[in-house]
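Single-structure report; data block below.
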Amino acid sequence: QVQLVESGGGLVQAGGSLRLSCVDSGGTLSRSGWFRQAPGKEREFLATINWNGESTDYADFVKGRFTISRDNAKNTVYLQMNSLTPEDTAVYYCAKYYTGSYYQIEGYRYWGQGTQVTVSS
């Protein structure tokens, strides 16, 4: 039974940083991704990392601000977020890739419950 649990969200001022964590409690190592969903908006892709951390990819609007990484010894995937703005306010989700495009929600089989990130101005 695969279970993904995110943590690290919270309230931060604009310009600040947060590091999100996602612990994978089951299954084999595989590509993982981070998405977010703001109120009234669709869930959107942020970043992805392959099973050993050697390959990453990002949405254009987070390049240079967000960094995805993983520590397989801890079964954890991270998302370091810097220079946060109020537009980054959303629920952030980690997911485990399954098939197809890793930019798309449909490519991921398992999802965490999400962690809220709120950026104040």
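The values are calculated or read from the model by the stated rules, or taken from the named source; none is laboratory data. Fair warning: this is a prediction, and the values are worked out from it, not measured in the lab. No Cβ is skipped: glycine too gets one built from the backbone with ideal geometry, and neighbour counts run over all protein chains shown. Accessible surface is based on the protein model in full, side chains and every heavy atom, while ligands, DNA and RNA are left aside. Shrake-Rupley method; radii C 1.70, N 1.55, O 1.52, S 1.80 Å.
Structure data summary
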{"read-out": "Selection from the range 3-61 of residues that are of a type in the set (A, V, I, L, M, F, W, C), closer than 21 Å to Ser120 by Cβ and either open to solvent by 40 Å² or more (accessible area, probe 1.4 Å) or not in a loop (DSSP other than H, G, I, E, B) (or both)", "value": "Leu11, Val12, Ala14, Leu18, Leu20, Leu46, Phe61"}
{"read-out": "Which listed residue, of Tyr93, Tyr103, Tyr108, is aromatic (Phe, Trp, Tyr), under 24 Å from Val2 (Cβ atoms), modelled with pLDDT of 95 or more and open to solvent by 60 Å² or more (accessible area, probe 1.4 Å)", "value": "Tyr103"}
{"read-out": "Residue count, the range 95-115 (criterion: within 17 Å of Glu44 (Cβ to Cβ), touching a residue at least 60 places away in the same chain (Cβ under 8 Å) and part of a loop (DSSP other than H, G, I, E, B))", "value": "3"}
{"read-out": "Positions within the range 67-89 being buried (at least 17 other Cβ atoms within 10 Å of the Cβ) and either over 12 Å from the mean Cα position of the chain (by Cα) or at positive phi (or both), in sequence order", "value": "Leu84, Asp88, Thr89"}
